[in-house]
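The structure under discussion appears below in the form of C-alpha coordinates.
The values are calculated or read from the model by the stated rules, or taken from the named source; none is laboratory data. Here the structure is a predicted model, which means the values were calculated and not measured. Don't worry about glycine lacking a Cβ; one is built from the backbone with ideal geometry, like all the others, and counts go over all protein chains shown.
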(Lines give C-alpha, C1' and ligand atoms only; values in the text may rest on other atoms or scores of the structure.)
Protein backbone atom coordinates (compact mmCIF):
# COMPACT_ATOMS: atom_id res chain seq x y z
CA UNK A 1 0.00 0.00 0.00
CA UNK A 2 1.18 3.51 -0.73
CA UNK A 3 -0.35 6.90 -0.12
CA UNK A 4 -0.46 9.37 -2.98
CA UNK A 5 0.85 12.91 -2.26
CA UNK A 6 -1.48 15.00 -0.07
CA UNK A 7 -1.10 18.35 1.65
CA UNK A 8 -0.30 18.17 5.35
CA UNK A 9 -3.23 19.10 7.58
CA UNK A 10 -1.75 22.49 8.43
CA UNK A 11 -1.19 23.20 4.71
CA UNK A 12 -4.81 22.70 3.64
CA UNK A 13 -6.04 26.03 2.29
CA UNK A 14 -9.67 27.15 2.55
CA UNK A 15 -9.70 28.57 -0.99
CA UNK A 16 -8.53 25.26 -2.44
CA UNK A 17 -11.08 23.26 -0.46
CA UNK A 18 -13.90 25.57 -1.57
CA UNK A 19 -12.70 25.45 -5.18
CA UNK A 20 -12.74 21.65 -5.06
CA UNK A 21 -16.20 21.55 -3.50
CA UNK A 22 -17.64 24.11 -5.96
CA UNK A 23 -17.81 21.55 -8.78
CA UNK A 24 -21.04 19.50 -8.79
CA UNK A 25 -19.29 16.24 -9.72
CA UNK A 26 -16.69 16.62 -6.98
CA UNK A 27 -19.38 17.60 -4.49
CA UNK A 28 -21.30 14.43 -5.39
CA UNK A 29 -18.13 12.39 -4.80
CA UNK A 30 -17.74 13.98 -1.36
CA UNK A 31 -21.40 13.32 -0.48
CA UNK A 32 -20.99 9.67 -1.48
CA UNK A 33 -17.79 9.34 0.53
CA UNK A 34 -19.51 10.84 3.57
CA UNK A 35 -21.92 7.90 3.51
CA UNK A 36 -19.72 5.05 2.27
CA UNK A 37 -16.54 6.10 4.11
CA UNK A 38 -14.14 4.65 1.51
CA UNK A 39 -14.60 3.74 -2.13
CA UNK A 40 -12.48 2.68 -5.04
CA UNK A 41 -11.91 5.40 -7.58
CA UNK A 42 -13.22 3.17 -10.37
CA UNK A 43 -16.42 2.49 -8.43
CA UNK A 44 -17.15 6.18 -7.91
CA UNK A 45 -16.50 6.98 -11.58
CA UNK A 46 -18.85 4.27 -12.79
CA UNK A 47 -21.62 5.43 -10.46
CA UNK A 48 -21.29 9.03 -11.62
CA UNK A 49 -21.25 8.15 -15.30
CA UNK A 50 -18.21 10.29 -16.14
CA UNK A 51 -15.35 9.35 -18.45
CA UNK A 52 -12.33 7.78 -16.74
CA UNK A 53 -10.03 10.73 -17.51
CA UNK A 54 -12.62 13.21 -16.21
CA UNK A 55 -13.07 11.21 -13.02
CA UNK A 56 -9.29 11.06 -12.59
CA UNK A 57 -9.11 14.86 -12.84
CA UNK A 58 -11.79 15.25 -10.16
CA UNK A 59 -10.03 12.78 -7.84
CA UNK A 60 -6.75 14.66 -8.24
CA UNK A 61 -8.42 18.01 -7.48
CA UNK A 62 -10.01 16.59 -4.33
CA UNK A 63 -6.74 14.99 -3.22
CA UNK A 64 -4.53 18.01 -3.92
CA UNK A 65 -6.95 20.34 -2.13
CA UNK A 66 -6.84 18.14 0.97
CA UNK A 67 -10.47 17.02 0.86
CA UNK A 68 -9.74 13.32 0.34
CA UNK A 69 -6.98 10.86 1.12
CA UNK A 70 -6.10 8.37 -1.60
CA UNK A 71 -4.20 5.14 -1.05
CA UNK A 72 -3.13 2.69 -3.69
CA UNK A 73 -3.19 -1.07 -3.20
CA UNK A 74 -1.89 -2.83 -6.29
CA UNK A 75 -3.80 -1.34 -9.19
CA UNK A 76 -6.72 -0.14 -7.07
CA UNK A 77 -6.98 3.34 -5.58
CA UNK A 78 -9.18 3.92 -2.54
CA UNK A 79 -10.50 7.33 -1.49
CA UNK A 80 -11.84 8.53 1.83
CA UNK A 81 -12.74 11.93 3.22
CA UNK A 82 -10.19 13.69 5.40
CA UNK A 83 -12.97 14.59 7.80
CA UNK A 84 -10.77 14.88 10.91
CA UNK A 85 -8.19 17.01 9.10
CA UNK A 86 -10.84 19.30 7.59
CA UNK A 87 -12.62 19.64 10.94
CA UNK A 88 -9.32 20.51 12.61
CA UNK A 89 -8.59 23.26 10.05
CA UNK A 90 -12.13 24.51 9.40
CA UNK A 91 -14.52 23.38 12.16
CA UNK A 92 -18.02 22.69 10.87
CA UNK A 93 -17.23 23.42 7.21
CA UNK A 94 -17.63 19.90 5.89
CA UNK A 95 -20.83 19.26 7.86
CA UNK A 96 -22.32 22.53 6.57
CA UNK A 97 -21.41 21.75 2.96
CA UNK A 98 -22.80 18.22 3.20
CA UNK A 99 -26.04 19.42 4.80
CA UNK A 100 -26.49 22.04 2.08
CA UNK A 101 -25.75 19.52 -0.67
CA UNK A 102 -28.29 17.07 0.74
CA UNK A 103 -30.89 19.83 1.11
CA UNK A 104 -30.33 20.86 -2.53
CA UNK A 105 -30.78 17.23 -3.60
CA UNK A 106 -34.01 16.99 -1.62
CA UNK A 107 -35.33 20.22 -3.17
CA UNK A 108 -34.43 19.03 -6.67
CA UNK A 109 -36.02 15.63 -6.10
CA UNK A 110 -39.23 17.27 -4.83
CA UNK A 111 -39.29 19.68 -7.78
CA UNK A 112 -38.82 16.81 -10.22
CA UNK A 113 -41.63 14.82 -8.59
CA UNK A 114 -43.96 17.82 -8.59
CA UNK A 115 -43.05 18.57 -12.20
CA UNK A 116 -44.00 15.03 -13.20
CA UNK A 117 -47.30 15.30 -11.32
CA UNK A 118 -48.02 18.68 -12.94
CA UNK A 119 -47.35 17.26 -16.41
CA UNK A 120 -49.52 14.21 -15.68
CA UNK A 121 -52.43 16.44 -14.63
CA UNK A 122 -52.41 18.45 -17.88
CA UNK A 123 -55.16 17.15 -20.18
CA UNK A 124 -53.95 15.68 -23.45
CA UNK A 125 -54.97 17.58 -26.56
CA UNK A 126 -57.29 15.62 -28.73
CA UNK A 127 -56.86 15.89 -32.53
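Numbers at a glance
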quantity	calculated
Selected residue [at pLDDT 85 or above, under 14 Å from the mean Cα position of the chain (by Cα), part of a helix (DSSP H, G or I) and surrounded by fewer than 19 Cβ atoms within 10 Å (Cβ to Cβ)] from 19, 63	19
Complete set of residues in region 34-54 that are surrounded by fewer than 20 Cβ atoms within 10 Å (Cβ to Cβ) and within 16 Å of residue 4 (Cβ to Cβ)	38, 39, 40, 42
Pairs with Cβ under 9 Å, 6+ apart, first in region 61-81 and free of Cβ contacts under 8 Å to residues at least 12 places away in the same chain, second surrounded by 18 or more Cβ atoms within 10 Å (Cβ to Cβ)	none
Residues within region 22-44 that are free of Cβ contacts under 8 Å to residues at least 12 places away in the same chain and either in contact with a helix residue (DSSP H, G or I) (Cβ under 6 Å, 6 or more places away or on another chain) or under 19 Å from residue 90 (Cβ atoms) (or both), tallied	1
Matching residues, region 23-41, being in a helix (DSSP H, G or I), modelled with pLDDT under 85 and in contact with a strand residue (DSSP E or B) (Cβ under 6 Å, 6 or more places away or on another chain)	41
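Residue by residue, here is whether (1) on the phi > 0 side of the Ramachandran plot; (2) modelled with pLDDT of 95 or more holds:
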| residue | (1), (2) |
| --- | --- |
| 49 | yes, no |
| 59 | no, no |
| 86 | no, yes |
| 97 | no, no |
| 110 | no, no |
| 113 | no, no |
